[in-house]
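Report on the following structure.
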Amino acid sequence: MEKVRCLIIGGGPAGYTAAIYASRAALSPVLYEGMEPGGQLTTTTVVENFPGFPGGVDANALMADMKEQAARLGADIRRGTVSAVDLSRRPFKITVDGSNELEAECLIIATGATARYLGLESELKFRGLGVSACATCDGFFYRKKDVAVVGGGDTACEEATYLAGLCRKVYMIVRRDVLRASVAMQQRVAATPNIEILWNCNTREVLGDSSGVTGARLERKDGEVFDIAIDGFFLAIGHDPQSKLFAPWVKTDEAGYILTDGRSSATNVEGVFAAGDVQDPTYRQAINAAASGCRAALDAEKFLKR
């Protein structure tokens, strides 16, 4: 059975950064990228808020450079998906792709979180071409344009008010006749003149052409079908942290986000650390994920030295 000193699961900003720092600490890290190398960031186009790139940077190119840097420093980066784990004792037993087994002295979980989508074929077609699950990431591209936000909770209200500061008009598509958001967030939305709430509406289709999103077809509960003209379609209906595999051993909150000890990346299982969106229900930004990957590698180094 293969023995690994430091195993990293996940190939996004957190995982690649952890691999960079773990390599420089001579931990001989092995990283499995999973089914989505590069993580959620690869579903967008240009990243304009990652420090060091005055003109922005292509998201896929940024992830490719992070991966190359980690590999150049000595990280063993592999294709493959971790399918089973046993964290009941060290060394931890890990199964990859259902058959390949290995043992790890320490583990960094950087599996991320997946944004929830409506499941529309047209939504998938225009992902990255006007369909987004991150207003903070992509809102800048829709300055003085019309956009829509799907959702009625705190996140949707936050996204809508953020976009309202950039865009000409923001529609909120809400399937009920009330918002689920806190009173404070509801008041903020109500006080923003360029936000219009479309109550009792579901999205039937995202409309567009070769240039990207041009509108959305909605249906009210009474059966009325109508179109709105928009340039951007933002999903704000939640995220699913990819933590289920580890849940029998690692503590999570009610939503499934892995709980870490204060400002460190340590979980309740000694030798297991978590980084990135899998433990971050609040910020969900690439730069924050990268920073937490750094912390996880430094924490792992200290743990192994002890």
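The values are calculated or read from the model by the stated rules, or taken from the named source; none is laboratory data. Predicted model only: the values in this text are computed from it and were never measured. Every residue, glycine among them, receives a Cβ derived from its backbone with ideal geometry; neighbour counts consider all protein chains shown.
Numerical summary
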| quantity | calculated |
| --- | --- |
| Answer residue from the stretch 11-55, given it is on the phi > 0 side of the Ramachandran plot and at pLDDT below 90 and is surrounded by the most Cβ atoms within 10 Å (Cβ to Cβ) among those | Gly39 |
| Residue within the stretch 236-249 that is within 13 Å of the chain's Cα centre (by Cα), among the polar types (S, T, N, Q) and assigned to a helix (DSSP H, G or I) present | no |
| Residue selected from the stretch 238-266 under the condition in contact (Cβ under 8 Å) with a residue 40 or more places away in the chain and in contact with a Phe, Trp or Tyr (Cβ under 8 Å, 6 or more places away or on another chain), by the criterion farthest from Val85 (Cα to Cα) | Ser265 |
| Positions within the stretch 253-275 being of a type in the set (A, V, I, L, M, F, W, C), touching a Leu at 6+ places or on another chain (Cβ under 9 Å) and surrounded by fewer than 16 Cβ atoms within 10 Å (Cβ to Cβ), in sequence order | none |
| From Asn49, Asn60, residue being polar (S, T, N, Q) and out of contact with any Phe, Trp or Tyr (no Cβ under 9 Å at 6 or more places or on another chain) | Asn60 |
| Which listed residue, of Asp76, Asp97, Asp58, is within 22 Å of Ser132 (Cβ to Cβ), touching a residue at least 12 places away in the same chain (Cβ under 8 Å) and among the charged types (D, E, K, R) | Asp58 |
| Residue list for the stretch 185-208, filter: in a strand (DSSP E or B) and among the small types (Gly, Ala, Ser) | Gly208 |
| Members of the stretch 180-214 that are of a type in the set (A, V, I, L, M, F, W, C) and surrounded by fewer than 16 Cβ atoms within 10 Å (Cβ to Cβ) | Val183, Ala184, Ala190, Ala191, Trp199 |
| Flag if Asp209 is touching a residue at least 24 places away in the same chain (Cβ under 8 Å) and under 28 Å from the mean Cα position of the chain (by Cα) | no |
